[in-house]
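The values are calculated or read from the model by the stated rules, or taken from the named source; none is laboratory data. Computed from a prediction, not measured in an experiment: that's the story for all the values here. Every residue, glycine as well, gets a Cβ built from its backbone with ideal geometry; the counts of neighbours run over all protein chains shown. Protein only, heavy atoms only, side chains kept; ligands, DNA and RNA dropped before computing areas. Shrake-Rupley method; radii C 1.70, N 1.55, O 1.52, S 1.80 Å.
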Amino acid sequence: MSLVEQLLEIEEQLAAGPGEPYRRCLADDAVVIVPGSIMNREECAAAMDQSPGWDSWEIEDPRVITIDAESAILAYRWRSSRGDQSYEAVMSTVYTRRGDGWWVVLHQQTPQPG
């Protein structure tokens, strides 16, 4: 499996899940930046536990920037909907390889005008 496929698989787990995938995939020292908030790992997971989740989502135009053998950035366009609500953003996630897997250390979202 290519690096982009590995990282997209993690992003899909996070997109689909409540808080538990965040607890599994975010590093202990992770930072998540979303509109109006900067959260640590547990704050993000707790927020996701309270979220109703998306009815549908898609990740478009994924790009991987390899920093070195142990770190990479995944950038992409995000489109999602819940009922009559839609959300579009450009996103980036910084990953580090620790042990035998990839961990999210930073995730950032920039909403796009609707």
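Of note:
- Degrees separating the helix 3-16 axis from the principal Cα axis of the chain, which is the longest one: 40 degrees
- Model label zone, Q85; criterion: amide N under 13 Å from point 7 Å along Cα-to-beta-carbon; scope segment 35-63: 48, 50-56
- Which of W78, P21, V94, positive extreme of dipole for the chain (C-beta unit charges): V94
- Over the chain, volume per residue of the alpha carbon convex hull, in Å³: 103 Å³
- Here the accessible area of the chain is 52 percent carbon and sulfur, with a 1.4 angstrom probe and all protein chains present.
- Coupling constants for segment 29-38 follow from the phi torsions by the Karplus curve (6.51 cos²θ - 1.76 cosθ + 1.60, θ = phi - 60°), and in residue order they are 9, 5, 10, 10, 10, 10, x, x, 7, 10 Hz; glycine and proline get x.
- Seen against the Cα atoms of the chain and their longest principal axis, helix 41-50 is set at about 30 degrees.
- Gyration tensor over alpha-carbon atoms, segment 31-85, equivalent ellipsoid semi-axes in Å: 24, 18, 9
- The stretch between R98 and R24 holds 25.4 nm of extra length on full extension. This uses 0.36 nm per residue minus the Cα-Cα distance.
- Q13 sits among other residues whose Cβ lies under 11 Å from its own Cβ, and their net charge, with Lys and Arg +1 and Asp and Glu -1, is -3.
- For segment 11-54, diffusion coefficient by Stokes-Einstein and Kirkwood Rh (Cα), 10 °C, 1.306 mPa s, µm²/s: 153 µm²/s
- Separation in nanometres of the label points that stand 7 Å from Cα toward Cβ, at V34 and E9: 2.5 nm
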